[in-house]
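The values are calculated or read from the model by the stated rules, or taken from the named source; none is laboratory data. No experiment lies behind these values; they were computed from the predicted model shown. Neighbour counts run over all protein chains shown; Cβ positions are idealised from the backbone, glycine included. Surface areas here come from the heavy atoms of the whole protein model, side chains and all, with no ligands, DNA or RNA. Shrake-Rupley method; radii C 1.70, N 1.55, O 1.52, S 1.80 Å.
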Amino acid sequence: MLPLLLGVLLSGTTLVHSAYAQDEQEAEASAVDPDRYTSDKRGSLIFDIAALPEPNAEGLAAPDTGAAPAVTASPALAADASSTNPRADIAAYRSRIADTQATDDAYSNELREQYDSLGTLLQQSREHEDAIAAFESAMHIDRVNTGLYTLDQIPLVEKMIASHEALGNIREVNDLHEYLFYIQQRSYAADDPRLLAAKEDWADWNLESFLRESALGGSALAMAIEASPQLARRMEYVAVQTQNGSYVYIPRSQLFLTSATDLALGTSPYSMAPETVIDQRLLMARDYYEELAETDAGAEAEGTLDSNARIQRKLASVAYAVKQQMEEMDVVEDFGSLNYNRVMPVRSMPMVVSRGYISNRDLLEARATELEQDPTVTAQEKAQAWIDLGDWHVGFDYASRSEDAYRKAWTLLSTAGLSESEIAAIFMPALLVPAPGFVIHDYSRALHGIPPDAELPYKGHMDLSLTLSSQGDVRNIDIEAASPNTPQVLRSTLLDYLREQKMRPAIVNGEAVERDNMKLRYYYTY
């Protein structure tokens, strides 16, 4: 027992010291260069992939030229093109509010509209704390006049969410999303289509909230843990693989009290089954998606098939997120090591992950089979359904099971008369495609709700050569060039991501093949 306790204590001391030293270094670096990448910016880090530009006469990839494109602002934060002097407009609205308060009813609709307009101007001017205060005043008038759960306050709540997001107030954003769903539940009838849409939005938010917090690191992770009880609960556990290959989870605080024998057998009094440590947001999202899937299953309205496909993909996304959560905690596998941190090959996945993989595999396969028999569906749509299934196998590290699905997709496109170049554009793309292709991945635009065509202010880029194996693994990664001042931590982050993330393999004549010496450029921003 003493070696175990000593190992845990020594490991913890080292980690604390390293984290403290890193925070000190990053704080000092940020003071000198506020635009420098530090761990608290990891939650906003985005990697955009592009094909490496053609080499110039010297055989070197063309560098970036010109200024970085500007960010396309979200609608809630877009500037008012009709306003040439926002400071004067803000002052004018403050004056009007004072006059209205002096001469009119304190809860008049006119005063409500003035608060709303003032808040919008302040938000556009990035004065988010004052904007939130103005929106709260407008919302208070709505609630007094039309009730605590009036739908009139929904636009105000959405604007408040945008400002709190801009300020990085994670707890307030979470609370407001929950309140938004609550007032919709109170206001809409059970069979109202608007309630179904609200349920899907609420499920989407829970899934996205989990994924965004999972992407955090360093001091940003510490802030997220402080703001989110769910995340704090998740980070309290570590996975232990027992002698029979099953998994149990032990609270970190109790790990040193558990004997090696208990860990080996999974009989510790502190151990918990995998199902009990799944993040509550994922469970909630799964429940609502399943409810929506059952609702749509009996409908015959036009577009039901598309709706079912959308919900089915979201259900699969939850199962994939559960897999990611389990992998985050899968850091204590070798119960015989001194400090319980030596990584051993995973011999099996937790049953809760296996169930998610199997149930969604069956749904994806059933949908692909159904579409293949439907004469009204295009060959591209049929092929995409089989590609989704192939991606699913690859994403769960069962690449050999993907061969039949990818082959069917290739055959469908070939039989439909697509040219070799058209098929190659799908199965031999110039870029890497994370698998599954339909879920939200780390460091992606989708993780932050940014449209694929929106312009971003890139900080720099890294040029890579790599190999994509027929199993979807990225190997032989070499950063051949990078923008000036690209920090080492960003290089390491990109390398770690590529080594861990499964990618859709290339398909030639229906068979997965290896692609050597792929040349890619990864732009980064945060």
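Asp191 to Val489: FRET efficiency via 1/(1 + (r/R0)^6), r the Cβ-Cβ distance, R0 51 Å, to the nearest 0.05?
Using R0 = 51 Å, I get an efficiency of 0.45.
Full-extension gain between Thr369 and Ala98, please, as 0.36 nm times their residue separation minus the C-alpha to C-alpha distance. Write down the numbers at each step before the final one.
Details: separation 271, 0.36 × 271 = 97.56 nm, distance 6.59 nm.
Gain on extension, Thr369 to Ala98, equals 91.0 nm.
Of Thr242, Thr411, which has the most accessible area and how do the rest follow, probe 1.4 Å?
Thr411, Thr242
Report the accessible area of Tyr179, computed with a 1.4 Å probe over the heavy atoms of all protein chains in place, in Å² rounded to the nearest 10.
Here the accessible area works out near 50 Å².
Ordering Leu180, Leu363 from largest to smallest accessible area (1.4 angstrom probe), what's the sequence?
Highest to lowest solvent-accessible surface, that is Leu363, Leu180.
Leaving ligands, DNA and RNA out of it, rank Arg194, Arg36 by accessible area with a 1.4 Å probe, largest first. List each step's numbers first, then the result.
On the way: Arg194 130, Arg36 110 Å².
Final ranking, largest accessible area leading: Arg194, Arg36.
With all protein chains present, how much of the accessible area of segment 401-526 (probe radius 1.4 Å) comes from carbon and sulfur, to the nearest whole percent?
On the way: 2690 of 5740 Å².
Taking all protein chains in place, segment 401-526 shows 47 percent carbon and sulfur surface.
Rounded to the nearest 10 Å², what accessible area does Glu480 show when all protein chains are kept and the probe is 1.4 Å?
90 Å²
How much accessible area per residue does segment 98-175 have, in Å², with a 1.4 Å probe? Walk me through the numbers on the way to the answer.
On the way: 3700 Å² over 78 residues.
Value returned for segment 98-175: 47 Å² of accessible area per residue.
Sequence-distant or interchain residues sharing an amide H contact under 5 Å with Tyr237, placed H: which?
Here Arg252 satisfy the definition.
Rounded to the nearest whole Å², what accessible area per residue is found for segment 360-465 with the 1.4 Å probe?
Accessible area per residue: 44 Å².
When all protein chains stay in place, what accessible area (Å², nearest 10, 1.4 Å probe) is found for Ile440?
Using a 1.4 Å probe on the heavy atoms, I get roughly 40 Å².
Enter the accessible area per residue of segment 473-526 (Å², integer; probe 1.4 Å; all protein chains in place).
Per-residue accessible area for segment 473-526 comes out at 49 Å².
For the pair Thr146 and Leu167, how long in nm is the line joining their label points, each one 7 Å along Cα→Cβ?
2.5 nm
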